[in-house]
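Only one structure is covered here, and it is reproduced in the block below.
The values are calculated or read from the model by the stated rules, or taken from the named source; none is laboratory data. These numbers were taken from a predicted model, which means no experiment stands behind them. Here Cβ is always computed from backbone atoms with ideal geometry, including for glycine, and neighbour counts include all displayed protein chains. Heads up: the accessible areas ignore ligands, DNA and RNA and are worked out on the full protein's heavy atoms, side chains in. Shrake-Rupley method; radii C 1.70, N 1.55, O 1.52, S 1.80 Å.
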Amino acid sequence: MTDRPVRTRYAPSPTGNPHVGNIRSALFSWAYARARGGKFILRIEDTDRNRYVEGAVEAIMESLRWLGIDWDEGPDIGGPHGPYFQSERLPRYREAAELLIERGRAYRCFCTPERLDALRASQAAAKQPPGYDGLCRRIDPAESAARAKDEPHVIRFAMEREGVTVLHDVIRGEVVFENALQDDFVMLKSDGFPTYHLAVVVDDTAMAISHCIRGDEWISSAPKHIQLYEALGWEQPAWAHLPLILGPDHKKLSKRSGDTALLDYRERGYLPEAMLNFLAFLGWSLDDHTTIISAEELTRHFDLARVVPNPAVFDIERLNYLNGHYIRAMDEERWVRLVAEWADRGLPASIPRPLDEAVVRAAAPLLRERVTLLEEIPGLIAFLFTYDAPEYETSLLAERVGDAATAVRVLDEALVRLDAIGEAEWTTAAVEAALRGLEEPLGMKLRKFIPVLYVAVMGRPTGIPLFDSAAILGRERTLARLRAARARLG
């Protein structure tokens, strides 16, 4: 570890919307900085111009803000170590590369793309590991400098070829790499832009990053970065490589198993506190029993010592459970606002706006125990905002009771009982008493025949509580839907 002031960073590439694995690294870096009274920096690594995606920077910031992750320095707010776009820091990388050339730890490479392609092909044919063969490393420095005036070239780092490079990782302990297996990598491209390897070392040093917290996919690059630090004479950060995230099948996480853009989860109706809670426990734990944690608790207790190297499993069922938990735990007014928002965005345009606030408020408590994702809200309450009967297949009316004749009996008996309730007496309790009273004449339990009434009223065999729904719809609309269903059956 290090005794330097804690400064962590999240340094994504703007090549698309950040996915959950990537954001997990940001969350842990932020939580560690906040728990240690340190600073969290947002830096955009936009040196790969071919893969740059318009709007990706905004998506990165929006993803962080949605989770409640704030930053102390970054491209939008500035700071003492700016600029925070790598594309605006090119002279710093050139300066570091030239210094390494002077020290004999880097060299210009003039190999053409055609030669490099042929080299890779021959290595593959010989079943050898791919890597640069060091041809230009043998060019005399004076000749190299002269050729560089006219010939296109890149700058490669000269890796140590003997001995080992040791990574001292906070999470994994000591990891040893054989230098003979490393190759001389490109650190400055012919267009003057750095590769990730040079840029991350230069920028982390310039920004005084104390802890480099990143995914385990970067472990293989660690010897490159460690040797760069040593060659430049700069202090390394404390290294912490987070565990791999696997899908439920214990294979590498994919889009099918959960590796989706974070904002896609927001669009489906996951709550930020549920997602933060879920991500926090992907490789970390507070103790042996805590499963629910808030952002405030996370930033008070987070410690890298509690991060494990073993792969974490992305369990979507767990995330769904947490989302349901936070839906049921939130205060009433926030829930009503969310119901109104999601109903408004999901209900058909044919339904008049603004939506009836009284109906929204009445329906909100009925949804709490039945909603896992907010995107489910419109489908559950659309029937409350229309006068006409909902659309459904007529066969649904008889599906749960066995045949159309039985469904007719249910509807006829329900119409008689409900029609006897006056407008002034039309309440949830009155509707419930009337429908429960059908069990004896029908000779069946409520749970057996009530799907017929659900379909008639809502267009589906299950949904929010029927008695409350009928009270919200009112006497006229409820009876009209039951009559329409009866007419369908002849």
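Things to note:
- Answer from Ala389, Ala424 - the residue that is open to solvent by 20 Å² or more (accessible area, probe 1.4 Å), touching a Phe, Trp or Tyr at 6+ places or on another chain (Cβ under 9 Å), part of a loop (DSSP other than H, G, I, E, B) and among the hydrophobic types (A, V, I, L, M, F, W, C): Ala389
- Within the range 392-410, restricting attention to residues that are open to solvent by 80 Å² or more (accessible area, probe 1.4 Å) and not in a helix (DSSP H, G or I), the residue that is nearest to Leu479 (Cα to Cα) is Glu393.
- Residue within the range 306-323 that is open to solvent by 20 Å² or more (accessible area, probe 1.4 Å) and touching a Lys or Arg at 6+ places or on another chain (Cβ under 8 Å) present: yes
- Qualifying residue in the range 104-118 (condition: open to solvent by 50 Å² or more (accessible area, probe 1.4 Å) and under 18 Å from Glu230 (Cβ atoms)): yes
- Among residues of the range 75-103, those that are on the phi > 0 side of the Ramachandran plot and surrounded by 13 or more Cβ atoms within 10 Å (Cβ to Cβ), counted: 1
- Pro152 vs. criteria without any contact (Cβ under 8 Å) to a residue 24 or more places away in the chain, open to solvent by 60 Å² or more (accessible area, probe 1.4 Å) and out of contact with any Lys or Arg (no Cβ under 6 Å at 6 or more places or on another chain): no
- Filtered by the rule that a residue be closer than 23 Å to Arg328 by Cβ, touching a helix residue (DSSP H, G or I) at 6+ places or on another chain (Cβ under 8 Å) and open to solvent by 10 Å² or more (accessible area, probe 1.4 Å), the range 292-305 gives Ile292, Ser294, Ala295.
Yes/no matrix, rows are residues, columns are (1) of a type outside the set (D, E, K, R); (2) in contact with a helix residue (DSSP H, G or I) (Cβ under 7 Å, 6 or more places away or on another chain); (3) at pLDDT 95 or above:
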| site | (1), (2), (3) |
| --- | --- |
| Lys127 | no, no, no |
| Asp133 | no, yes, no |
| Cys136 | yes, no, yes |
| Ser144 | yes, no, yes |
| Pro152 | yes, no, yes |
| Ile155 | yes, yes, yes |
| Glu160 | no, yes, yes |
| Leu167 | yes, yes, yes |
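- Filter result for the condition that a residue is assigned to a helix (DSSP H, G or I) and either open to solvent by less than 10 Å² (accessible area, probe 1.4 Å) or under 30 Å from Leu42 (Cβ atoms) (or both), over Val175, Val202: Val202
- On inspection, Asp191 does not qualify as in a loop (DSSP other than H, G, I, E, B) and buried (at least 18 other Cβ atoms within 10 Å of the Cβ).
- Number of positions in the range 16-49 that are out of contact with any strand residue (DSSP E or B) (no Cβ under 8 Å at 6 or more places or on another chain) and either open to solvent by 50 Å² or more (accessible area, probe 1.4 Å) or more than 19 Å from Glu217 (Cα to Cα) (or both): 6
- Contact map, the range 235-254: first residue modelled with pLDDT under 95, second residue among the aromatic types (Phe, Trp, Tyr) and outside any strand (DSSP E or B), Cβ cut-off under 8 Å, separation 6 or more or different chains; pairs are Ile245/Phe314; Leu246/Phe314; Gly247/Phe314; Pro248/Phe314; Leu253/Phe314.
- Of all residues in the range 466-490, those satisfying the criterion of being in contact with a Ser or Thr (Cβ under 9 Å, 6 or more places away or on another chain), assigned to a helix (DSSP H, G or I) and either more than 19 Å from Arg361 (Cβ to Cβ) or of a type in the set (Asp, Glu) (or both) are Asp468, Thr478, Ala485, Arg488.
- For the range 434-490, taking the residues that are crowded, with 18+ Cβ neighbours inside 10 Å and among the β-branched types (Val, Ile, Thr), the one that is farthest from Gly402 (Cα to Cα) is identified as Ile472.
- If you check Ser210, Ser221 for being surrounded by 18 or more Cβ atoms within 10 Å (Cβ to Cβ) and of a type in the set (S, T, N, Q), only one passes: Ser210.
- Every residue from the range 225-258 that is touching a strand residue (DSSP E or B) at 6+ places or on another chain (Cβ under 7 Å) and over 21 Å from His19 (Cα atoms): Ile226, Gln227, Leu228, Pro237, Ala238, Trp239
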